[in-house]
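The values are calculated or read from the model by the stated rules, or taken from the named source; none is laboratory data. Fair warning: this is a prediction, and the values are worked out from it, not measured in the lab. With ideal geometry, Cβ positions are generated from the backbone for all residues, glycine too; neighbour counts draw on all protein chains shown.
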Amino acid sequence: MNVEFLSALADIERERGISKEILFEAIEAALVSAYKRNFNAPGNVRVQLDRETGNIKVYARLNVVESVSQPQLEISLAEAQAIDPEYQVGDIVEKEITPKNFGRIAAQTAKQVVIQRIREAERELVFDEYIDREDDIITGIVQRTDQKNVIVDLGKTEAILLPSEQMPQDEYKPNERIKAYITEVKRTTKGPQILISRTHPGLLKRLFELEVPEIYDGTVEIKSVAREAGFRSKLAVYSKNPDVDPVGACVGPKGARVQAIVNELRGEKIDIVKWDEDAAVFVANALSPAKVLAVNLDEEKKIANVIVPDYQLSLAIGKEGQNARLAAKLTGWKIDITSESQIGAVSAQQEEEGAGEENGENETT
């Protein structure tokens, strides 16, 4: 081990953030294994690497005993006390046994250890960086497709976009820049594995935080999100400041803010509605763009019975029930939608039945 090598360790500490002492300890541990492997040494040994000069010494650690039966593991009390009169039975004596040709083995071993530790440290740094970014948005460059998985380059590492997390309208072309949501960061033997999503509701929320300053600074709050990725989403927003229109802030001047998000999500439709602490009002808002006449809540069953004008029924339900389904997800209420004429027909029938019963009672009387 030479001065140049020690200087290189100092450079690694400065540039890579890996403690020089950690490298020294790792090298010493690796040299113990190298010594035992190359010199067939069964005993307990210790390697000392001088931090200033780089000199390496190997020591056999011998147990002090009255009578030696295993010379490679033990030393007699008399011999130990010849070294230092303070030694007693049961103590450990260290005796230098550095081989003459150990330098070459040591240099090769140290190089391997340093390379391995650099890789481990870099992986750990990447893991530490991205574990704090779980549930956050990232921008990456599409690198390739591997068995339907899309591999996205994040700069220092790669992320995996699984088929289940891909939007149906997306076409992942190499070198294309995309935004995605980090769902999980895992440690693996090959380094950190970063899983991302384009379908997660959190992506929509984070995109609005990026585009709308009022959300970022807390003036406007996103209360809930419901999403059917690639098709349609609903966002419930609220502002404590009565002077700030939360829906208008999210839409932006001439719709610019919401349009930027729609473009990022390849044309996904986004309904932005006003959250209200009154559940009936919130359910009515959530069914936007449909107009609602009345909402009757069954608190016990968590069902909202909604009445809409006849011409708004199909709009309230939406294509294949999508509008009502998203509104239910957004509000947390099961929503039953009935048209005005259906309610009128039911009421008329009930009146007829009531009148019939009354006439029957009169005839009986």
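For this structure, a couple of remarks:
- Any hit, the stretch 148-158, residues being surrounded by fewer than 17 Cβ atoms within 10 Å (Cβ to Cβ), in contact with a helix residue (DSSP H, G or I) (Cβ under 9 Å, 6 or more places away or on another chain), touching a residue at least 24 places away in the same chain (Cβ under 8 Å) and not assigned by TED's automatic domain parsing to the domain that holds GLU74: yes
- Looking only at residues in the stretch 222-246 that are surrounded by fewer than 17 Cβ atoms within 10 Å (Cβ to Cβ), without any contact (Cβ under 8 Å) to a residue 24 or more places away in the chain and in contact with a strand residue (DSSP E or B) (Cβ under 9 Å, 6 or more places away or on another chain), the one that is nearest to ASP276 (Cα to Cα) is LYS240.
- The set of residues in the stretch 23-55 that are in contact with a Phe, Trp or Tyr (Cβ under 7 Å, 6 or more places away or on another chain), surrounded by 17 or more Cβ atoms within 10 Å (Cβ to Cβ) and under 22 Å from ILE118 (Cα atoms) comprises VAL47, LEU49, GLY54.
- The stretch 67-94, subset surrounded by 13 or more Cβ atoms within 10 Å (Cβ to Cβ) and charged (D, E, K, R), residue farthest from VAL47 (Cα to Cα): GLU79
- Condition check for ALA286: in contact with an Asp or Glu (Cβ under 9 Å, 6 or more places away or on another chain), of a type in the set (A, V, I, L, M), surrounded by fewer than 19 Cβ atoms within 10 Å (Cβ to Cβ) and closer than 23 Å to LYS205 by Cβ: no
- The lone exception for ASN175 - which of (1) surrounded by fewer than 18 Cβ atoms within 10 Å (Cβ to Cβ); (2) under 15 Å from the mean Cα position of the chain (by Cα) it fails: (2)
- PHE127 vs. criteria farther than 25 Å from TYR35 by Cα, surrounded by 15 or more Cβ atoms within 10 Å (Cβ to Cβ) and in contact (Cβ under 8 Å) with a residue 12 or more places away in the chain: yes
- Sole residue being hydrophobic (A, V, I, L, M, F, W, C) and either outside the structural domain of GLU21 (by TED's automatic domain parsing) or at pLDDT 85 or above (or both), chosen from VAL58, VAL113: VAL58
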